[in-house]
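Colleague: Questions regarding the structure given below will be posed in turn.
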Amino acid sequence: MSIGDELALGQTLDTNSRWIADRLFSLGVRAVEHATVSDDLGDIRDALGRLGERAGLVVCTGGLGPTADDLTRQALATLLGAALVEDGDAIEHLERWFAGRGGLPSINRVQALRPASGAALENPNGTAPGIRVRDERRGAEIFCLPGPPHEMRPMFERFVAPFAGTLADGVTRARLLMTF
């Protein structure tokens, strides 16, 4: 699932969904749906819930920044009925990140919030930690990753790929036939 007005309005091309689906396929997991939603709390929450009912793994990108329209963490907490809590490791990462840049801006503290039942995922290439949470009600593992591909891809490999590998059932093969 990709999150952002710029994606929903077609102003920016969503390359993350294609890349994630291809990587999942190579791990033996078949994507069943791609969704793109705007920066709207209700839309994000509803899409996460719907996708969690369809699949055991939901990967979403975007909406983890520090601005008012970055609503992924709030939507996830609302979906789960969980409080948002500040993650100590995430705060430490942010403080180190901004140490040579004049200190941690207050606006960026929101990036250290996660649902109480979730875990923050370290992002060595940016300020937005990811979030991993188990949606017990729907039976889905949800991974929320930052939108920028240079941040999302290494985090996918480190956190999502090992879990996705446990979902593979058999060998998945694809063959490309070029004809004219």
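The values are calculated or read from the model by the stated rules, or taken from the named source; none is laboratory data. Please read all numbers here as calculations on a predicted model, not as lab measurements. When we count neighbours, we look across all protein chains shown, and the Cβ atoms used for this are built from the backbone with ideal geometry, even at glycine. In case anyone asks, the SASA skips ligands and DNA or RNA and just uses the protein heavy atoms, side chains included. Shrake-Rupley method; radii C 1.70, N 1.55, O 1.52, S 1.80 Å.
Colleague: Normalising by the residue count of region 1-135, find the relative contact order in percent from Cα pairs under 8 Å and 6+ residues apart. Can you show the working numbers first?
Modeller: Numbers: 196 pairs, mean separation 27.3, N = 135.
Across region 1-135, relative contact order equals 20 percent.
Colleague: Quote the FRET efficiency, to the nearest 0.05, computed for ALA35 versus ALA68 with a Förster distance R0 of 25 Å and r equal to the Cβ-Cβ distance.
Modeller: 0.65
Colleague: If packing is taken as the mean number of other Cβ atoms within 10 Å per residue, what is the order of 81-88, 138-145, 17-24, highest first? Spell out each step's value before the answer.
Modeller: Details: 81-88: 13.5, 138-145: 21.4, 17-24: 17.4.
Taking the mean over residues of other Cβ atoms within 10 Å, the ranking is 138-145, 17-24, 81-88.
Colleague: Follow-up. Nothing charged except the Cβ atoms of Lys and Arg (+1) and of Asp and Glu (-1): what's the magnitude of the dipole of the chain about its Cα centre? Round to the nearest 20 debye.
Modeller: Values: 19 positive and 24 negative charges, 121 e Å.
That gives the chain a dipole magnitude of about 580 debye.
Colleague: How do the peptides 125-134, 92-101, 150-159 rank, highest first, by the average count of neighbouring beta carbon atoms within 10 Å per residue? Walk me through the numbers before you get to the answer.
Modeller: Details: 125-134: 21.5, 92-101: 13.2, 150-159: 17.3.
Highest-to-lowest ranking by the protection proxy: 125-134, 150-159, 92-101.
Colleague: For the charge dipole of the chain, defined by +1 on Lys and Arg C-beta atoms and -1 on Asp and Glu C-beta atoms about the Cα centroid, which residue among GLY49, GLY165, LEU177 has the Cα displaced farthest towards the positive pole?
Modeller: In the chain, that residue is LEU177.
Colleague: Now for a different question. Report, to the nearest whole %, how much of the accessible area of the chain belongs to carbon and sulfur atoms, 1.4 Å probe, protein only. Walk me through the numbers on the way to the answer.
Modeller: Working: 4810 of 9430 Å².
Answer for the chain is 51 percent, counting heavy atoms of protein chains only.
Colleague: Could you give the accessible area per residue of the chain, probe 1.4 Å, as a whole number in Å²?
Modeller: On the way: 9430 Å² over 180 residues.
Normalised by residue count, the accessible surface of the chain is 52 Å².
Colleague: What do you get for the angle between helix 88-98 and the principal long axis of the chain? Use alpha-carbon atoms, 0 to 90 degrees, nearest ten.
Modeller: 80
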